[in-house]
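Since the structure comes first, as C-alpha cells, the remarks are kept for the end.
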Ligand SMILES: Nc1ncnc2c1ncn2[C@@H]1O[C@H](COP(=O)(O)OP(=O)(O)O)[C@@H](O)[C@H]1O
Ligand SMILES: [Mg+2]
C-alpha cells in the first residue's frame, strides 16, 4: 500500500458554500444517515470516506436532491447553499442540479456526440441564444475538464467511443457546462485505470479554483492526495470532519483511527 500522503496543497479560504444541520435520511425503515452536521467550503475539495454502506453516497445525493428520485427515501433536517434552504418549496430540483452538478462512479456519457453531451445541459436550461454561444460553452467546458486538446477534432464522434478516462472527463465537462458552483463526485475514479485516475485527480485539484468539490472515495490515498477537508462516516454517523492532514495523521475519534489504520473497513 502506498503511503497515505497528506495534501500539502495549501490552506483554503474558509467560506461555507453548503451547510447541513441535523440531516437524517431514512429508506423505508432503514435509518441510513443520523443527524449529520457539516459545513462544506467553497474553493476546496472535501472528501467523504468510510466503509461501504456507511452513508457517503446517501449524503452526497442529499446535496443536490438526487434522493428525491428514490421513492422510499425521506430526508429531514436542513441543508443550505449560500444560505438558501435547498429543500424549500420554491426550489426547483432541476435548477438546483444545474448549480450542484454530479459525476458518477461509472462514466455515463449519453449515446450522442461529444459536442451534444456537453451542449445538452445548456440547451435544456436555455443558457445560450445562438450556436456561437453554445460552441463557446462547449469549448470552455471541455477545456476546464482538460479534454479539449484530445477531442477538438472529433466533436461529432460518439462520446461512448472515448476511453474510460476520457469519458469521465466528458461527464465532468457535461456537469460544468451548466455553470455549476458545486461539483459532487461519487467514486469518480473507481472504474478508471491508474493513468486515467491520475489525470482525473489532477483535474479535481484544478477544479477547486472555480468550484466547491465534494468527492466520495474508498481510497484513503486518493482522499489524501486531492482533498483539503475530509469527513469520515461510519454506520450513518459523520464521526469526524476536519483538515485532511489532521484526519490522517492525528484522528481524534477511535473509529476514525481504526479505519485509517485498516482495522475497520
Ligand atoms: N436506494 C436505496 N434504497 C434503500 N436503501 C438504500 C438505498 N441506497 C442506499 N441504501 C442504504 O443506505 C445505507 C447507506 O448506503 P450508501 O449511502 O449507498 O453507502 P455508501 O455510499 O457509504 O457505501 C446502506 O444501508 C444502504 O443499504
Ligand atoms: Mg456509495
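Values quoted throughout were computed directly from the atomic coordinates according to the rules given, and no laboratory measurement underlies them. As the structure is a computational prediction, the values presented were derived from the model and not from experiment. A quick note on method: Cβ atoms are made from the backbone with ideal geometry, for glycine too, and the neighbour counts reach across all protein chains shown.
Looking at residue 208 and the list (1) closer than 16 Å to residue 50 by Cα; (2) buried (at least 20 other Cβ atoms within 10 Å of the Cβ), which single condition is not satisfied? Looking at each condition in turn, residue 208 falls short on (1).
With 122, 188 as the choices, which residue is part of a loop (DSSP other than H, G, I, E, B) and crowded, with 16+ Cβ neighbours inside 10 Å? If you could, list the steps in order and put the result at the bottom.
On the way: 122 fails: part of a loop (DSSP other than H, G, I, E, B).
Result of the check over 122, 188: 188.
Of the strands (runs of 3 or more DSSP E) lying entirely inside the range 197-265, the ones with 2 or more residues being touching a residue at least 40 places away in the same chain (Cβ under 8 Å), within 16 Å of ligand 1 (Cβ to nearest atom) and closer than 30 Å to residue 167 by Cβ are found at 212-216, 229-234. Checking 160, 178 one by one, the residue that is more than 16 Å from ligand 1 (Cβ to nearest atom), touching a residue at least 40 places away in the same chain (Cβ under 8 Å) and in contact with a strand residue (DSSP E or B) (Cβ under 8 Å, 6 or more places away or on another chain) is 178 and no other.
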